[in-house]
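Undergrad: I have a structure I would like to understand better, so I am pasting it below and will then ask my questions one at a time.
None of the figures in this text is laboratory data; all of them are computed from the coordinates on show. If you're wondering where the values come from, they're calculated on a predicted model, not measured in any experiment. Cβ: placed from backbone, ideal geometry, glycine included. Neighbour counts: every protein chain shown.
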Amino acid sequence: MSHVMVVPESMKATATNLATIGDTLKAANLEAAEPTLAMMPAAADEVSASIAYLFSRQAEEYQKLAGEATAFHERFVQQLTATANTYANAEAANASLLQSLAATSDSVAGGAVAASENALVDLQTMLVGFVVNALILALFWPLIIPGLFFLFWWQSIFFRS
């Protein structure tokens, strides 16, 4: 799985720079079009006219290809800008989702903390109960043992089978 690191602001800056380069190339092509498309023959002979015609046709071909390159360049800049906007929107949506999840987890964590505090209080109450029972047993042990003997003796007398 490949990982892609994208910084939308950097992509937008790159698209702006590419648009500037494209505008510069377009201006240079337009400036070069006039002198190259209408080239005048150097002399009044057939060879000069043919060479001027050949250069003019080459200039037309160049302008045609430059127009296609300019159209491609403009589409590329548009796609890069749209992609940067898409990434920025996705990051904003993810940030919003993460913020809502963080808020939810905070409320769940708050509930969990309250539940753990309640459990801690219950445990504390139970431990205090054990300690109190142990103290009662330790203090009244000398009275409990004779009482148990009396109880068993009383049962053996009155409930003989």
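Undergrad: In whole Å and largest first, what semi-axes does the C-alpha gyration tensor of the stretch 8-118 yield when each eigenvalue is scaled by 5 and square-rooted?
TA: Values: eigenvalues 844, 17, 6 Å².
Listed largest to smallest, the semi-axes of the stretch 8-118 are 65, 9, 6 Å.
Undergrad: Among residues other than Ser56 whose Cβ falls under 14 Å from its Cβ, what is the net charge (Lys/Arg +1, Asp/Glu -1)?
TA: Summing Lys/Arg as +1 and Asp/Glu as -1 gives -1.
Undergrad: On a full-extension model of 0.36 nm per residue, what is the gain between Gln124 and Ala69, subtracting their alpha-carbon distance, rounded to one decimal in nm? Don't skip to the answer; put the middle values down first.
TA: On the way: separation 55, 0.36 × 55 = 19.80 nm, distance 7.92 nm.
Fully extending the segment from Gln124 to Ala69 adds 11.9 nm.
Undergrad: Also: Along the stretch 33-47, what does the Karplus equation 6.51 cos²θ - 1.76 cosθ + 1.60 (θ = phi - 60°) give for ³J(HN,Hα), rounded to whole Hz, x for Gly and Pro?
TA: Per residue, the Karplus-derived 3J(HN,Hα) values read 5, 4, x, 8, 6, 10, 6, 8, x, 5, 9, 8, 9, 5, 5 Hz.
Undergrad: Can you tell me how much longer the chain between Ala38 and Asn17 gets when fully stretched, taken as 0.36 nm per residue apart minus their C-alpha distance, in nm with one decimal?
TA: Answer, rounded to one decimal: 4.3 nm.
Undergrad: Which one, Ala84, Leu98, Ala32, projects farthest toward the positive side of the charge dipole computed for the stretch 8-118 from Cβ point charges (K/R +1, D/E -1)?
TA: Selected residue: Leu98.
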